[in-house]
1. Do the conditions hold for Tyr95, that is, is it buried (at least 22 other Cβ atoms within 10 Å of the Cβ), aromatic (Phe, Trp, Tyr) and not assigned by TED's automatic domain parsing to the domain that holds Gln398?
2. Going through Ala35, Ala51 one at a time, which residue ends up being closer than 26 Å to Gln303 by Cα, more than 22 Å from the chain's Cα centre (by Cα), at pLDDT 95 or above and among the small types (Gly, Ala, Ser)?
3. Look through segment 285-335, keep the residues that are of a type in the set (S, T, N, Q) and under 17 Å from Val355 (Cβ atoms), and return whichever of them is surrounded by the most Cβ atoms within 10 Å (Cβ to Cβ).
4. With the structure loaded, tell me whether Ile406 is in contact with a strand residue (DSSP E or B) (Cβ under 6 Å, 6 or more places away or on another chain) and assigned by TED's automatic domain parsing to the domain that holds Lys246 or whether it fails that test.
5. Can you tell me which residue is farthest from Thr408 (Cα to Cα) among those in segment 339-357 that are assigned to a helix (DSSP H, G or I) and not β-branched (Val, Ile, Thr)?
6. Inspect all residues belonging to segment 43-64 and state whether any of them is more than 30 Å from Asp203 (Cβ to Cβ), surrounded by 16 or more Cβ atoms within 10 Å (Cβ to Cβ), touching a residue at least 60 places away in the same chain (Cβ under 8 Å) and outside the structural domain of Ile369 (by TED's automatic domain parsing).
7. Need pairs with beta-carbon distance below 6 Å; first residue at negative phi and part of a helix (DSSP H, G or I) and within segment 80-106, second surrounded by 18 or more Cβ atoms within 10 Å (Cβ to Cβ) and of a type in the set (Gly, Ala, Ser); sequence gap 6+ or separate chains.
8. Of the numbered conditions (1) over 28 Å from Met122 (Cβ atoms); (2) in contact with a strand residue (DSSP E or B) (Cβ under 6 Å, 6 or more places away or on another chain), Met155 fails exactly one; give the number of that condition.
Amino acid sequence: MKQEGYYDDFGGVFVPSLLSERFNQKGYYNEFGGAFVPEVLTATFDELNIAFDEAKKDPQFWKDYANILQNYSCRPTPLTFAENLTRHFGGASIYIKREDLNHTGAHKANNVLGQGLIVKRMGKQRVIAETGAGQHGVATATMAAKFGLDCTIYMGEVDVERQRPNVFWMERLGAEVIAVRDGTRILKDAINAAFRDWVTNMDTTHYVLGTACGPHPFPEMVSTFQSIIGFEARRQILSQVNQLPKRVYACVGGGSNALGIFLGFVNDPDVELIGVEAGGKGLNTGYHASRLCSEDASVGIAQGYKTFFLQNTDGQMRETHSVAAGLDYIGVSPILSSFHRSGRIHFTAATDTEVIDALTLAVQKEGLIPALESSHAFVQAFKDAPHLSKHDCIIINQSGRGDKDIFTIADAFDDPKWKSFIKEKAEAYHA
């Protein structure tokens, strides 16, 4: 399909071959990855692998995918020159990839629409998903409504409370939202609950995993669908400034938005790739969710795959913390773990306080409202930009919009007008 040319680069061969150039063993990324699944799910994973492999080779699948991205999810998303922030820092030119302008407000639509088309190929009638920040849940519920599928979303009880606006929209879209009260009641527990559901209903149900983690083929599948972010950004930056960026920044939870933009530049050795994890209250406090730049993580096997997990010496998973609900996962994509080991991607962390400060600056200087997750990437970019040449440019992936975080952000600002508004609404409700 010819739409500004970029779909010529994206069509079932380019990304899988890009990954296979570096990783020869299917489902493994050097020592990371794999598919450690219970025997009862083996046939289901075999079915999914076959469906995905067939889709990758089918030009009609990619035409359908390109069509729904263009005409339903509003791609391509812009690459915005942040003129005011660039002037403020006085260094590299800052460009922002606007994944917040996708339908449903985040990069998540890229993945769920692709998986939805595979669900249709397999003839299944129901989808389930996990969600932390709620954006993947909203995107999955939206896809299910579009394709006429039954939908159940698992969400940790803690995240249900802090992401209530997204819960509201999931339910309006027709999804059943189940609050998970096991464990720490956040994302990892929602994933466990979704897998338990899948074991019981695998004949009729597909698990729309939201990030590039889990057993094979999910890391490859999610990365493939999300890589349109990087292919677009690469084409756009060359068109706008006729040069590649010095650095590309993305926040890192499980890794879907980060791999989405990084894969567009991973074969450009002069482009530095920077992933920013959740530093929470500080890496030395234990209250964070940093797997690749802290001493609290080690390599292990959990939730069906091998990667770095936040775990103690007995292999028990640690509690995590982040102001951003979408970044407090215990593991990380095995693909990112491999790139971390090889040094191709550099990882750092941003604290909750730094995140709020960066979000405030983006709002006030550019009129942009990044999600708390995305704001982690802004933190490191803002630290680096003043020290780079004015001849350089950098790209920040704004993976989602911040309106979903209104309650958390308002609390962080300790806004008295917001508190008064909430109190008045509560009193009116109970009157």
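The values are calculated or read from the model by the stated rules, or taken from the named source; none is laboratory data. Being a predicted model, the structure only gives us computed values, none of them experimental. Note: ideal-geometry Cβ built from the backbone for every residue, glycine included; neighbour counts use all protein chains shown.
1. Spelling it out, it is not the case that Tyr95 is buried (at least 22 other Cβ atoms within 10 Å of the Cβ), aromatic (Phe, Trp, Tyr) and not assigned by TED's automatic domain parsing to the domain that holds Gln398.
2. Exactly one of Ala35, Ala51 is closer than 26 Å to Gln303 by Cα, more than 22 Å from the chain's Cα centre (by Cα), at pLDDT 95 or above and among the small types (Gly, Ala, Ser), namely Ala51.
3. For segment 285-335, the residue satisfying everything is Ser322.
4. On the way: in contact with a strand residue (DSSP E or B) (Cβ under 6 Å, 6 or more places away or on another chain): no; assigned by TED's automatic domain parsing to the domain that holds Lys246: yes.
The answer is no for Ile406.
5. Start the filter on segment 339-357 by keeping residues that are assigned to a helix (DSSP H, G or I), which leaves 339-342, 352-357.
After this cut, where a residue has to be not β-branched (Val, Ile, Thr) as well, the list is 339-342, 352, 354, 357.
Details: Phe339: 32, His340: 31, Arg341: 34, Ser342: 36, Asp352: 11, Glu354: 15, Asp357: 14 Å.
It comes out as Ser342.
6. The answer is no; no qualifying residue exists.
7. Thr86/Ser93; Phe89/Ala385; Glu99/Ser399; Asp100/Gly400
8. (1)
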